[in-house]
1. For a label point 7 Å from the Cα of Ala89 along Cα→C-beta, name the residues of the range 3-26 whose backbone N is under 20 Å from it.
2. Quote to one decimal, in nm, the extra length available between Gln208 and Gln40 on full extension: 0.36 nm per residue of separation minus the C-alpha distance between them.
3. Full extension from Phe68 to Leu197: what is 0.36 nm times the residue separation minus their Cα-Cα distance, to one decimal in nm?
4. So between Lys75 and Ser103, what do we pick up on full extension, going 0.36 nm a residue minus the alpha carbon distance?
5. Which value results for Rg/Rh of the range 43-112 when Rg is the Cα radius of gyration and Rh the Kirkwood radius based on the inverse mean 1/r?
6. Suppose R0 equals 22 Å; then what is the FRET efficiency for Asp51 and Leu137 from their Cβ-Cβ distance, rounded to the nearest 0.05?
7. Between Phe187 and Tyr115, how high is the FRET efficiency from 1/(1 + (r/R0)^6) when r is the Cβ-Cβ distance and R₀ = 45 Å? Nearest 0.05.
8. So how far, in whole Å, is the C-alpha centre of the range 180-200 from the one of the range 1-80?
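Any read-out appearing in this document is the output of simple, stated calculations on the displayed coordinates, not a laboratory observation. Small disclaimer: the values here were computed from a predicted structure and weren't measured. As a convention, Cβ positions derive from the backbone with ideal geometry for all residues, glycine included, and neighbour counts pool all protein chains shown.
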Amino acid sequence: MKIQVITLFPAMINETLNSSMMFKASKNLIVEFKVIDLRQYGLGPRKQVDDTPYGGGDGMLMRPEPIFAAVIDAKKYAPTAKVVIMTPAGKTLIQSRVRDMASSATDLIIICAHYEGYDERVLSIVDEQISIGGYVLTGGELPALVLIDSIVRLLPGVLGGEKSAEIESFSEQGIIEYPQYTKPREFNGMKVPEVLLNGHHAAILKWQNENYKKV
Ligand code: ADE
């Protein structure tokens, strides 16, 4: 699966994709990340990427030309990729959509919007508008990272153990987890439940089933 991110702030994306599980997934060739600096597609000697809105109003909008050029280049690398833009006006991301995107493993080109928004004509090359929730951030970088992390952790081989698949199997009821403990047995007067210490597998499973919580 190829995931390309078009951004004015490549460092924000690179830092996260070069860490932890995302780094491991790309090192193991489960996913291929490419971060595209939108500034290099900027106009004129100052590499301008934004401009004032027609009809007036505060703030700047992202111009369409740099975004179009960046997406055309990204499609050369992944011709069948879906183009996604992160925007609070998009459809809110939920786990079932994440699961679909992970199981289809369709290549993605993710556009991170900035400033006060983007020229509406950008949407003519976008397949899907995605929001990560009912609140507004300063840019699409954090939302893009949320989308990427949620998909990549479901790709076969990323989490290693079977636990994730096990939890996902409860997906019809939502995402659920049971309380877990590690050492020490007692901490600040709080004890690990006795049933988890005695090694009776059936009893442990029963306890876990009885103590599932919806996350
Ligand atoms: N850009 C700014 N806020 C956002 C949000 N909530 N979801 C996706 N993209 C955004």
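1. Residues passing the 20 Å test: 6-8.
2. 55.2 nm
3. 40.6 nm
4. Gain in length upon complete extension: 8.0 nm.
5. Expressed as Rg/Rh, it is 1.07.
6. Plugging the Cβ-Cβ distance into 1/(1 + (r/R0)^6) gives 0.50.
7. The formula returns an efficiency of 0.40 here.
8. Between the Cα centre of the range 180-200 and that of the range 1-80, the gap is 47 Å.
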